[in-house]
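Visitor: Before I ask anything, here is the structure I am working with.
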Amino acid sequence: MLQLKTTPFHERTSVLCQPRNWRKWAGYFAAGSYEHTLDREYWAIRNAAALIDVSPLIKYVIKGKDAAALLHRVTTRNIHKMSVGQVFYTGWCDEEGKMIDDGTVTRFDETTFRLTSAEPNLRWLMMNAVGMDVEITEVTDDVAALSFQGPNTRKVLNIVAEKPVDELKYFRMMKNKISGIEVTISRTGYTGDLGYEIWMDAKDALPIWDKLMEVGGDYGIAPVGILAMDMARVEAGLFMLDVDYTSASHAWIEPQKSSPFELGLDWTVALDKPGYFVGRRALEREKREGSTWKMVGLEVDWVGMEKLFAGAGLPPQIPGMAVRGSLPIFVGNVQVGYASTSTWSPVLKKYIALAHLQKPYFEVGTDVRMEITVEHHRQHAPAKVVKLPFYEPEWKKRNNDYCKSAKTPDEEFQKVFVSDRPFI
């Protein structure tokens, strides 16, 4: 019988998970939420500091003389341009240019990298490494990981870490210590906010968790599950494997597959990089000819949706969490695509969705209609195609407490947000 594993933080997360709302993630138990509603967890991401156990991420250490050459071959990025300490987000494709998976590549030194992914990719990596001087080791169970997200995370890390993180740039990594324990801290995340990911040996997980929770108490820290993170990642325009796209390795039919261009990852496809990489010819062809599909953002017109509910004598009723389900998108009476994830955005006060639309309907500004259910009847709410991401705060990529202007981050934060929403 298949038994789900527990992460190195389970001794802490299991006690805090009040609704016992466990989800399956890559063979592990993962907390869906720690409270019976998502409000406090969501606002910890946007207002304070959210501590998210992301240990189930699949992790590989790739090292050796040809480590860079292997990653250059299998991903769409130019790995040879990576500096030591840099992190690349990337996808990787089959020979037809369709996405197999996506994740991050971190360069520890000239010959050592870490690759993260949503699903196991060891066999695929080994097939592409034939004849290369490279060693590939899965370290998923050996490396614990915390995603630490929110405007106050830098302040907390500057207290608990041996070295300050003020100068750690976006998508860079540093070696550090917390409570005397060696960790690596990367300026990465899955929420679209200021945030970091902390990587450590599995045996050191609990002391790191305890220290962050202890110091973070003065900064609104809260343990956060994957349901609140789901809402935040949609606001950030970030997609999820098996939800917003299907791996080319698992697709039953061709229309289920997606290319990086169709998923809005044009910026990750380095067609100018030298040499062969998997899927290159197909991606070059698609670049020349254009994509027939594209993932875009949708903003549902609230007034128009309100009228549909009013027709049934009801106020608008929307789910309290992100909906991972296909919702047809129409222009006139013709279906032109579908929404793969939709959610109410508390920070934007809008109903939004990640949608896949056919050409030419994916152009920004296009008026469409998204299917919603009103009292058991399918209705079509007016919506508009918008540019992704929906939400990107100015402090996300800035260093030294967001900026060196006269205004403090707290003053700017209060000015922008306090007027229309409560703090934790």
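Visitor: Please go through region 165-181 and pick out each residue that is touching a strand residue (DSSP E or B) at 6+ places or on another chain (Cβ under 7 Å) and open to solvent by 60 Å² or more (accessible area, probe 1.4 Å). First the steps, then the outcome.
Guide: Going through region 165-181, the residues touching a strand residue (DSSP E or B) at 6+ places or on another chain (Cβ under 7 Å) turn out to be 165, 168, 171-178, 181.
Listed by number, the residues that qualify are R172, K175, K177.
Visitor: Then there's this: Residue check: is H380 open to solvent by less than 80 Å² (accessible area, probe 1.4 Å), at pLDDT 95 or above and in contact with a Ser or Thr (Cβ under 9 Å, 6 or more places away or on another chain)? Talk me through it step by step, then tell me what you get.
Guide: On the way: open to solvent by less than 80 Å² (accessible area, probe 1.4 Å): yes; at pLDDT 95 or above: yes; in contact with a Ser or Thr (Cβ under 9 Å, 6 or more places away or on another chain): no.
Spelling it out, it is not the case that H380 is open to solvent by less than 80 Å² (accessible area, probe 1.4 Å), at pLDDT 95 or above and in contact with a Ser or Thr (Cβ under 9 Å, 6 or more places away or on another chain).
Visitor: Shifting gears a bit: Would region 45-68 turn up any residue that is aromatic (F, W, Y), open to solvent by less than 10 Å² (accessible area, probe 1.4 Å) and within 30 Å of V134 (Cβ to Cβ)?
Guide: Of all residues in region 45-68, those aromatic (F, W, Y) come to 60.
Those still in the list that are open to solvent by less than 10 Å² (accessible area, probe 1.4 Å) too: 60.
Remaining after also requiring within 30 Å of V134 (Cβ to Cβ): 60.
Looking through region 45-68, at least one residue is aromatic (F, W, Y), open to solvent by less than 10 Å² (accessible area, probe 1.4 Å) and within 30 Å of V134 (Cβ to Cβ).
Visitor: Could you list all residues from region 140-157 that are over 14 Å from V183 (Cα atoms), open to solvent by 20 Å² or more (accessible area, probe 1.4 Å) and not acidic (D, E)?
Guide: The initial filter retains those residues of region 140-157 that are over 14 Å from V183 (Cα atoms), namely 140-141, 149-156.
Restricting the remaining residues to those that are open to solvent by 20 Å² or more (accessible area, probe 1.4 Å) gives 141, 152, 155.
If the condition is that a residue be over 14 Å from V183 (Cα atoms), open to solvent by 20 Å² or more (accessible area, probe 1.4 Å) and not acidic (D, E), then N152, K155 are the ones that fit.
Visitor: What are the residues in region 125-139 that are farther than 30 Å from M213 by Cα and either among the hydroxyl-bearing types (S, T, Y) or open to solvent by 20 Å² or more (accessible area, probe 1.4 Å) (or both), if any? Full working, then the answer.
Guide: In the first step, residues of region 125-139 are kept if they are farther than 30 Å from M213 by Cα; the result is 125-137.
Answer for region 125-139, where residues must be farther than 30 Å from M213 by Cα and either among the hydroxyl-bearing types (S, T, Y) or open to solvent by 20 Å² or more (accessible area, probe 1.4 Å) (or both): M126, M127, N128, V130, G131, M132, D133, V134, E135, I136, T137.
Visitor: List the number of the failed condition for F113; all other conditions in (1) touching a Lys or Arg at 6+ places or on another chain (Cβ under 7 Å); (2) within 30 Å of N47 (Cβ to Cβ); (3) open to solvent by less than 10 Å² (accessible area, probe 1.4 Å) hold.
Guide: It fails just one condition, (2).
Yes or no, residue by residue, for (1) of a type in the set (S, T, N, Q); (2) in contact with a strand residue (DSSP E or B) (Cβ under 6 Å, 6 or more places away or on another chain):
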site	(1), (2)
R288	no, no
T292	yes, no
L298	no, yes
V303	no, no
L308	no, yes
G313	no, no
G320	no, no
G325	no, no
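Visitor: Mind checking which residues of region 213-250 are open to solvent by 20 Å² or more (accessible area, probe 1.4 Å) and assigned to a helix (DSSP H, G or I)?
Guide: M213, E214, V215, G217, D218, Y219, I226
Visitor: Working only within region 329-363, note down all residues that are assigned to a loop (DSSP other than H, G, I, E, B) and small (G, A, S). First the steps, then the outcome.
Guide: Step one: filter region 329-363 for residues assigned to a loop (DSSP other than H, G, I, E, B), giving 332-333, 346-349, 359-363.
If the condition is that a residue be assigned to a loop (DSSP other than H, G, I, E, B) and small (G, A, S), then G332 is the only one that fits.
Visitor: Let me ask something else about it. How many of the residues in region 263-297 are within 20 Å of the chain's Cα centre (by Cα) and within 17 Å of Y89 (Cβ to Cβ)?
Guide: First pass over region 263-297, keeping only residues within 20 Å of the chain's Cα centre (by Cα): 263-269, 294-297.
Of the ones still in play, those that are also within 17 Å of Y89 (Cβ to Cβ) are 263-269, 295.
Summing the residues that are within 20 Å of the chain's Cα centre (by Cα) and within 17 Å of Y89 (Cβ to Cβ) in region 263-297 gives 8.
Visitor: Next question. Could you tell me whether region 346-355 includes any residue that is surrounded by fewer than 18 Cβ atoms within 10 Å (Cβ to Cβ) and among the β-branched types (V, I, T)?
Guide: No, region 346-355 has no match at all.
Visitor: Please specify each residue of region 299-311 satisfying the condition of being open to solvent by 50 Å² or more (accessible area, probe 1.4 Å) and in contact (Cβ under 8 Å) with a residue 40 or more places away in the chain. Let's see the steps before the verdict.
Guide: Residues of region 299-311 open to solvent by 50 Å² or more (accessible area, probe 1.4 Å): 299, 301-303, 306-307, 310-311.
Listed by number, the residues that qualify are E299, D301, W302, G311.
Visitor: I need every pair where a residue in region 323-339 that is within 20 Å of Q256 (Cβ to Cβ) and modelled with pLDDT of 95 or more has its Cβ under 8 Å from the Cβ of a residue that is among the charged types (D, E, K, R) and open to solvent by 40 Å² or more (accessible area, probe 1.4 Å), sequence separation at least 6 or different chains.
Guide: I329/R369
The values are calculated or read from the model by the stated rules, or taken from the named source; none is laboratory data. These figures come from a predicted structure and were not determined experimentally. In this analysis, Cβ positions are derived from the backbone assuming ideal geometry, glycine residues included, and neighbour counts consider all displayed protein chains. Areas reflect the complete protein model, heavy atoms only, side chains present, ligands, DNA and RNA absent. Shrake-Rupley method; radii C 1.70, N 1.55, O 1.52, S 1.80 Å.
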